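Here's the structure, in structure tokens; my notes come after.
Computed from the coordinates by the stated procedures, all read-outs in this text should not be read as laboratory data. All of these numbers come straight from a predicted model, not from anything done at the bench. Neighbour counts run over all protein chains shown; Cβ positions are idealised from the backbone, glycine included.
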Amino acid sequence: MDHIKAIAFDLYGTLFDVHSVVACCDEQFPGRGREISTIWRQKQLEYTWLRSLMNRYVTFEQATEDALRFTCRHLRLDLDSEACKTLCEAYLRLQPFPEVPETLRELRRRGLKLAMLSNGSPHSIGAVVGNAGLRGEFDYLLSVDPVRVYKPDDRAYLLAEKAFGVGRSSILFVSSNAWDATGARYFGFPTCWINRSGSVFEEMGQTPDWQRGGLDEMLSLFDSGAAGR
């Protein structure tokens, strides 16, 4: 792995648990938290992809709110303006997975440049990372907002290559989202898929270079010369 000079991480679902909003959802709609969170996240993703295809970009905050409103209508839940605001703000306070802080610190100790490359807006990314106390672990917080298109569009991944100032083959891209790892692999990034749930990878013509069950297991790539998947 000597050729890897920098690492770009996805945010949502990779470093931060999108389902840490379940408790907040349960407060607003008792007993429905997990159901709301699951549909909300899936619809949020769909709206980013569809808006990219239609060339109708809106901020990630707007896509998130739209997805929440759909979810509640779908589940026949009465979402008033105050509950909507509270739940959307919960997305700014997502919790990092337990192994994330120390893993990031260890990667920095090993001399690697680190960036966040996210579909989130600058405000969302800054809030989530700042609230978790992890801003100092990143050289760059990169939002797709300047190019007004969401991952997995190549223009989004190009942001990391430009920021680091090295070729894409020297940038490891890390995501727990198989669709994201697929897009990054097509772009030309070596990729590590964080597969915490034991899922099956997508059938879209690419496979990740490496697969690990947690972010801390990724450290073995730099210890072992990245032997095996």
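Can you tell me the 0 to 90 degree angle between the C-alpha axis of helix 81-90 and the longest principal axis of the chain, rounded to 10?
Roughly 20 degrees, rounded to the nearest 10.
If you average the C-alpha positions of the range 11-53 and of the range 85-117 separately, how far apart do those two centres end up, in angstrom?
Cα centroid of the range 11-53 versus Cα centroid of the range 85-117: 18 Å apart.
With an 8 Å Cα cut-off and a minimum separation of 6 or more residues, compute the relative contact order for the range 18-92 in percent.
Numbers: 63 pairs, mean separation 23.5, N = 75.
Once divided by the residue count of the range 18-92, the mean separation gives 31 percent.
By average Cβ neighbour count within 10 Å, what is the ranking of 43-56, 8-21 from highest down?
On the way: 43-56: 15.8, 8-21: 22.6.
In decreasing order of mean packing, 43-56, 8-21 become 8-21, 43-56.
Using only DSSP helix segments of four residues or longer, with each worth -39500 (n - 2.57), what per-residue ellipticity at 222 nm results for the chain after dividing by its residue count and rounding to 500? Display every interim value, and only then the final one.
Working: 9 runs with 99 residues, N = 229.
Using -39500 (n - 2.57) per qualifying helix, the result is -13000 deg cm²/dmol.
Averaging sequence separations of C-alpha pairs under 8 Å and six or more residues apart, then dividing by the length of the range 162-229, give the relative contact order as a whole percent. Don't skip to the end; give the middle numbers.
Working: 95 pairs, mean separation 17.3, N = 68.
Worked out over the range 162-229, it gives 25 percent.
When Cα extents along the principal axes in Å is calculated directly from the model, which label among (i) 87, 35, 31; (ii) 54, 36, 33; (iii) 72, 47, 31 fits?
Computed from the coordinates, Cα extents along the principal axes in Å corresponds to (ii).
Please give the helix 100-109 orientation as an angle from the longest Cα principal axis of the chain, in degrees from 0 to 90, rounded to the nearest 10.
30 degrees
Obtain the nm distance between the two label points defined at Gln206 and Glu61 by a simple spin-label model: each point lies 7 Å from its Cα along the Cα-to-C-beta direction.
Between Gln206 and Glu61, the simple spin-label model gives 3.0 nm.
Assuming R0 = 35 Å, can you tell me the calculated FRET efficiency for the pair Cys84 and Arg196, based on Cβ-Cβ distance, to the nearest 0.05? Each step should come with its number before you reach the end.
On the way: r = 29 Å, r/R0 = 0.83.
Efficiency, from the Cβ-Cβ distance: 0.75.
Report the number of Lys pairs in the chain whose alpha-carbons are under 18 Å apart, with separation of 8 or more residues or on distinct chains. Walk me through the numbers on the way to the answer.
Values: Lys5/Lys113; Lys5/Lys162; Lys43/Lys85; Lys43/Lys151; Lys113/Lys162; Lys151/Lys162.
Number of lysine pairs found: 6.
If you take every DSSP beta bridge whose two residues both sit in the chain, what share of them, in percent to the nearest 5, is antiparallel?
Values: 2 of 21 bridges.
Within the chain, antiparallel bridges account for around 10 percent of the total.
Across the range 155-166, in residue order, what do the Karplus-derived ³J(HN,Hα) couplings come to in whole Hz, using 6.51 cos²θ - 1.76 cosθ + 1.60 with θ = phi - 60° and x for Gly and Pro?
These are the phi-based 3J(HN,Hα) values: 5, 6, 5, 4, 4, 5, 4, 5, 5, 6, x, 10 Hz.
Could you give the distance between the Cα centres of the range 122-142 and the range 151-229, to the whole Å?
20 Å
Determine the shape class of the range 68-128: with a ≥ b ≥ c the square roots of the Cα gyration tensor eigenvalues, call it rounded for a/c under 1.5, and otherwise prolate if a/b is greater than b/c, oblate otherwise.
Details: a/c = 3.48, a/b = 2.87, b/c = 1.21.
Taking the square roots of the gyration eigenvalues as a ≥ b ≥ c, the range 68-128 is prolate.
May I ask you to evaluate 6.51 cos²θ - 1.76 cosθ + 1.60, the Karplus curve with θ = phi - 60°, for each residue of the range 2-12 and list the ³J(HN,Hα) values in order in whole Hz, giving x for glycine and proline?
Computed from phi, the couplings for the range 2-12 are 4, 6, 7, 9, 8, 10, 10, 10, 6, 9, 6 Hz.
Quick one: what are the phi-derived ³J(HN,Hα) couplings along the range 114-128, Karplus 6.51/-1.76/1.60 with θ = phi - 60°, whole Hz, x for glycine and proline?
10, 9, 9, 10, 10, 6, x, 6, x, 5, 4, 4, x, 5, 4
In terms of the Cα gyration tensor, with a ≥ b ≥ c the square roots of its eigenvalues, is the range 134-198 rounded because a/c is under 1.5, prolate because a/b exceeds b/c, or oblate?
Details: a/c = 1.38, a/b = 1.22, b/c = 1.14.
Here the range 134-198 falls in the rounded category.
If one takes the longest principal axis of the Cα atoms in the chain, at what angle in degrees, from 0 to 90 and to the nearest 10, does the Cα axis of helix 33-54 lie?
70 degrees
Order of Arg32, Arg73 from fewest to most other C-beta atoms within 10 Å?
Values: Arg32 16, Arg73 11.
Ranked by crowding around the Cβ, least crowded first: Arg73, Arg32.
What ranking of Cys84, Cys72 emerges when the number of other C-beta atoms within 10 Å of each C-beta is taken as an exposure proxy, fewest first? All intermediate terms of the calculation are to be shown ahead of the outcome.
Values: Cys84 15, Cys72 23.
Least crowded to most crowded, the residues run Cys84, Cys72.
Show the residues, 5+ positions off or on another chain, whose built amide H is closer than 5 Å to the amide H of Leu114.
Correct list: Ile7, Asp139, Tyr140.
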